[in-house]
Structure formats: structure tokens, C-alpha cells
Amino acid sequence: MNLFADFRDTVAAAVAALQERGELPPDLDLERISVEPPRDPAHGHMATNAALVLARAARRRPMELAELLAGEITGAEGIIEVRVAPPGFVNVRLADELWRRQIPVVLRAGADYGRCDLGRGRPVNDEYCSANPTGPLHVGHGRGTVYGDALANLLDFAGYRVTREYYINDGGAQIEAMARSVHHRYRELLGDDPGPMPEGLYPLEELVPVAKAIVERDGDRWLGRPEEEWLEPFGRAGVEAMMVRIREDLAALGVRHDVFTSERELIAAGRIEEAIAFLEEKGLVYTGTLPPPKGRTMEDWEPTPQLLFRSTAFGDDVDRPLRRSNGAWTYFAADLAYHLDKIRRGADLLIDVWGADHGGYVKRMQAAVQALGEGRAELVVKLCQLVHLYAGGEPLKMSKRAGRIVWLRDVVEEVGRDVFRFIMLTRKNDAPLEFDLEKVVEQSKDNPVFYVQYAHARICSVFRNAEEAGCETDPAALAEVPLDGLRDPAELDLLRQMAGWPRLVEGAARSFEPHRIAFYLHDLAGAFHALWTRGKEEPELRFLLAGNPGLTAARLAMLAAVRTVIANGLRLMGVTPVEEMH
């Protein structure tokens, strides 16, 4: 049950009644009607913008239309007060009984409370992480990985059919650089002094075991051989070893993918040529020249004929090259092939989770998907900003080229998977995030993951005490107990926060914003902690009352429902609800 959706239905029924009486025109678009909690709780429990969004089409002033709607809504079941507020909001207050009724709804639904059919089975391809396999995952990869994984959980919970995908960028210059880096280590191991690691290669100690495995397998076979002989096998060995490590890193973070797609295999299968041929048939590929890049003039720019994709036909700023001057395919051409492959596998909503440094690539890929999907596929790109890593307030600097890396696995092992995942979702994906290795494990109310987990653990401690006292603790049985005794404003505030979970799920799924779950859980935990504190100061508000088994049962039912919602939210974030804090 979603009380906010129910009230929206009430608003829609009021509009329909006014239309039936001829007071409103028949062809109104109700899609933009929303129902939300008012910013100021003094205004009521729910507010709708219906009068504001319908006024123009209805040819009425917003306040006039709001009064009409208020008249229709007044007296509806569970609504005890209706008020109109400028510039045209309709605010309502619900009966306490409606909030209490949510408790058995939650307890009967359990882990499925909040699950909805918003997606209606729509196939979604959610591609995230996709780090270049030139080394293990570093902490900078962690944010997009957690975001993409939590988004997949959220969309699945909201009724979408989600495929979780990792794209292995195992072609191109970065793999050649890794092959040369491994070959350098190979020469070192065999005593063939290669000198310092050349600029542009990866001085990572993690590549030494790759070189050692080649030595053990092939001995000195590759010493003195030309690069064209060893470049491909050394690159392949590096990719295979790094993908083993990356999969282990993902497992340590609790992340799973359904599909791993190799760029090299797509290229070998001729998929780039297929994608180009597909676009050629649509008249979207031509040979032409591009204007000089920004900041350069015609005097220092020599236009060169290139094979181009007509991406400006789909809103891009400039048409995009498909071949380099040396005849090789561009990265963009490979990405065309990959996204066409995803579309052909059945997805019509593609989600790509990228680092913020790829922002300039968004328009061309959205243009490409419009063309490749012939208008039937949509690409949503979510950019994840940087993570600024600190240790006790001191910044930790990373440089892959210099070999100074903070590996993801090390951070996860130090602070714990649950802490890492939760903190990665405490900011919107496109906002920078600070991560202090010491602060994130503090047991204080200023640490959001502790604050939420502590609420769950505290409720579990109440239930352990209840069991020792012989109280009923089974959720199924608690779903049947009378709840009239839950009357204190703090209890009702907790129930209102809890009942907002289904609305939160729908809103977060619509906007692809799993960080909203972290914010919601923090507010719900805050309402619970406030009630806990009241109980310490006012004995009549304690959860277990020896002389009042009926009220004790009602409060246990309330806590069981709140615990269920907290646990559901944490699981969508990929965080394990804890029963005890140590």
C-alpha cells in the first residue's frame, strides 16, 4: 500500500467527478500531478500540485481550481482536513488510523514491502564499473561501481528487468601500454636490465606476477624478439590476470554482473563493420572533413577527409569520426558496435555509468543510440564525480602513472564492505564526495552508516529483551494485534516516516537516484532514535511495559515494521542490516 499513490488516485477521482459535471474539460492530462509531503509539516501530511498543473488547460485560476478540488476531496475516507494554500496547493491531513494501518501492511509484505511495478518488466541494461583491465580496481572505481549496483537493485525492486553488465575494454592503446609494462617487468625478472620504466607505462607492482607467470611458462623465449611478436600475447596475459583480480575485487564489494562483454571479441567478430553498415543504410555515414577543434584556426589546422557519423542529426554538436588517419577504427566506432549489441540483445533502456571525465562523450553516444535503436532505445548516462580520499583529515593522493594507488580492496578490507557501500551513496552521483578512512568507522551520530545501522541494531535488542520477557515477537502474530494505543506524536511521526517508503522507491527509481535511499533511512532512523530517547526520559513511552501487554504488543508491531523497512532499504543499497553493534 502506497498512501501517496492512494491520495493521487483520490485527486484523479475528484478531477473525473468535476469533468463529469462539466466543471472541467474532458481532455486534461493528469500525468504531471504529484503528491508529496509539504515542506512545512504544519501544512499537513500531503500536498498536491494538481490545481497548478491543470489550471491553464482547465481555463481556471489555480486557486479557484484548488478550491473546487478541495470541495471534492473533503470527506474522502481517512482525510480529516483539507486546506488550500497559495499559489494553488491542496494540503490534506490524514487520520491517525490510516498511519497505524500501515503496520500490518509492512509486516505481511516483509521483504517485498515497497516493491512496485513501475517498470512493468521493461528490459534495462545497466552497465557499470567497466574499468580498464590494466590493473586492479582502485578506490576511484568504487563510487560508480556501488552506484550502478545499487541502481540495479532499485530498478529490479521497482519492476524493471535488469541486466547488470561489465564492458571489458581489452582493446586499444591502454592494453598496448600494459603489454609493454608487463614486458618491461619480464625483462627485469630475467636480468635483462631494461632501465627505468618508460614514461606512459604502468609502474604497478601488481603486474610483476603477470610477468613472472610468463617467465615460468615461456622462459626467455621473448627476449630480443620484435614488439609485434610479443605485444598481443603479453597484453592478453595481462588482461586475463587483471580480470581475475577485478572479479575478486567486485566480489569483495558484494557486486555481481550478469554479463561480461569483451571489446576485443566484438571487434574480432566484425561487429564494428556491422554497425557501420547499419548506419550507412540509413544515410548516416559519409566521408567529409570536420572544422578545426576549439581554440585552433584554419592556419594551423589541416582538414583531412574522414569517415564520419552524422551525429548532428540527433542533437550532437559536431559529426564524429569513425576512422583514424591511420585507417584504424576510433574508440567511438567500437562503442557503436557495443551499444548496437546491447540493443539487439533486447534492452530498450540502456544505462551507462561513467566517470565525470567522460562528460564530453555523452551527446555523441546518445545520438548513436537514437540512430542504432531507430528511436526505440534510450540511453541514460550517469556521471559519477570524484571521491576525495582522506585519512584523519589528510588527503591521500593517487597517480596510476606514478604507481601511487589506493586499491579498492584495501579500503574495503579496512573499513568494511557495508561502510564503503553506504558512504558511496550519501551524495548524489554527480556531486563530489569526501571519504575519510577514520571518520567513516566512527560510532557517532555524525556517521550516517552507524546512525542507520544502530537504529536497526537497537530494535533487534528490544526484540531480544522482549523474547526474554515472554512477549510475542513473531511478525505474523504482531500483524494482528490492536494498534489503537499508538497515539503519541513521536510514534505517529515514526509511522509517517515509515509509510513514505513505497513513495521513496518509486521516486528514486524514476530519477535513477539510489542515494535517496540513504537520505530516507537517515530520516527514518532519526525518528526512531528520537522516540527511543523519549522513552528513556518518559517511562510511559518505553517499548516494553510490564503492566500493559496490549500496548507492548502494539509497540513491538510498530518496531517490527520499522525494522523491516530499514532492512529493505539497506539491502537495496547492498548493505547487510546488523543485529548488534560492537
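Structure values in brief
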item: Selection from A530, Q174, V15 lying farthest towards where the dipole of the chain points positive, charges on Cβ; result: V15
item: Rounded to the nearest 20 debye, dipole of the chain from Cβ charges on Lys, Arg, Asp, Glu; result: 660 debye
item: Trypsin sites (Lys or Arg not before Pro) within segment 102-170: DSSP coil, no more than 13 neighbouring Cβ in 10 Å; result: R120
item: Subset of K342/K382; K294/K363; K294/K428; K397/K439; K382/K428 violating a 22 Å alpha-carbon distance limit; result: K294/K428
item: Nonlocal amide H pairs with V162, under 5 Å, H built at 1.01 Å; result: V124
item: Contact order relative to length of the chain, as percent, for alpha carbon pairs under 8 angstrom and 6 or more apart; result: 16 percent
item: Radius of gyration and maximum dimension Dmax of segment 477-557, Cα, Å; result: 15.0, 48
item: Calculated log₁₀ intensity ratio I(q)/I(0) where the Debye formula runs over C-alpha points of segment 325-455, q = 0.11, 0.18, 0.22 Å⁻¹; result: -0.59, -1.01, -1.22
item: Global form of segment 398-508, assessed from the alpha-carbon gyration tensor, a/c cut-off 1.5; result: prolate
item: Distance in nm between pseudo-label sites at E229 and T287 (7 Å out along the Cβ direction from Cα); result: 3.8 nm
item: Value of D in µm² per second that Stokes-Einstein yields for segment 235-368, Kirkwood Rh from Cα pairs, at 4 °C (1.567 mPa s); result: 75 µm²/s
item: Qualifying lysines (Cα of each under 24 Å from Cα of K536; at least 8 residues distant if same chain); result: K445
item: Net length gained if the chain between E265 and V578 were fully extended (0.36 nm per residue, minus Cα distance); result: 108.4 nm
item: 20 Å cut-off, amide nitrogen to a point 7 angstrom out along D192 Cα→Cβ, residues in segment 202-221; result: 202-204, 207-221
item: Spin-label model distance (nm) - R256 vs D6, 7 Å beyond Cα toward Cβ; result: 3.5 nm
item: Normalised alpha carbon radius of gyration of segment 269-338 [divisor 2.2 N^0.38 Å]; result: 1.16
item: Amide H within-cut-off set for L379, under 5 Å, with H built and near neighbours excluded; result: L350
item: Lys/Arg +1, Asp/Glu -1 at C-beta; segment 3-94 dipole; positive extreme among G75, N49, F4; result: N49
item: Pair-distance profile P(r), taking every C-alpha pair of segment 52-177, with 10 angstrom steps and integer %; result: 11, 20, 18, 23, 15, 9, 4, 0
item: Calculated from backbone phi, Karplus (6.51, -1.76, 1.60) coupling profile of segment 265-272 in Hz, x at Gly/Pro; result: 5, 4, 5, 5, 7, x, 6, 5
item: Acute angle (nearest 10 degrees) that the helix 331-344 long axis makes with the longest principal axis of the chain, alpha-carbon atoms; result: 50 degrees
item: Cubic angstrom per residue, convex hull over Cα atoms of segment 459-515; result: 136 Å³
item: Residue-wise HN-Hα coupling along segment 121-126, computed from phi with Karplus coefficients 6.51, -1.76, 1.60 (Hz; x: Gly, Pro); result: x, 4, x, 10, 9, 9
item: 5 angstrom amide H check on R323, placed H, neighbours 5+ away; result: L307, T330
item: Length gained when the stretch R247-A13 is fully extended (0.36 nm per residue, less Cα-Cα span); result: 79.0 nm
item: Rh (Kirkwood; distinct C-alpha pairs) - segment 3-94, Å; result: 12.8 Å
item: Whole-number D in µm² s⁻¹ for segment 189-229, Kirkwood Cα-pair radius fed into Stokes-Einstein, 10 °C, 1.306 mPa s; result: 136 µm²/s
item: Cα gyration tensor shape for segment 422-480, rounded if a/c is under 1.5, else prolate or oblate; result: oblate
item: Rounded to 10°, Cα long-axis angle of helix 139-157 versus longest principal axis of the chain; result: 50 degrees
item: Distance (nanometres) between label positions extended 7 Å along Cα→Cβ at V318 and R487; result: 7.3 nm
item: Relative contact order %, segment 1-144, counting alpha carbon pairs below 8 Å whose residues are six or more apart; result: 18 percent
item: Alpha-carbon centroid distance for the pair segment 532-582 / segment 177-233, whole angstrom; result: 59 Å
item: Rounded to 5, percent antiparallel among DSSP beta bridges of the chain; result: 50 percent
item: Computed E for R217/E413 - FRET, C-beta separation, R0 41 angstrom, nearest 0.05; result: 0.85
item: At R0 = 30 Å, FRET efficiency that the Cβ-Cβ distance of R161 and T74 yields, to 0.05; result: 0.10
item: Degrees, to the nearest 10: 489-499 long Cα axis against longest axis of the chain; result: 40 degrees
item: Ranked by how many other beta carbons lie within 10 Å on average, peptides 330-343, 405-418, 125-138 from highest; result: 125-138, 330-343, 405-418
item: Sites matching GluC sites (Glu not before Pro) across segment 153-210 that sit in DSSP coil, with at most 14 neighbouring C-beta atoms within 10 Å; result: E199
item: Using a Förster distance of 22 Å, the FRET efficiency for S511-D112 (Cβ separation, nearest 0.05); result: 0.50
item: Global geometry of the chain, whether rounded, prolate or oblate, following the gyration tensor of its Cα atoms and the 1.5 cut on a/c; result: oblate
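Just so you know, all these numbers are worked out from the coordinates, no wet-lab data involved. Note that the coordinates shown come from a computational prediction; the quantities given were computed from them, not determined experimentally. Glycine also receives a Cβ, built like all others from the backbone with ideal geometry; neighbour counts cover every protein chain displayed.
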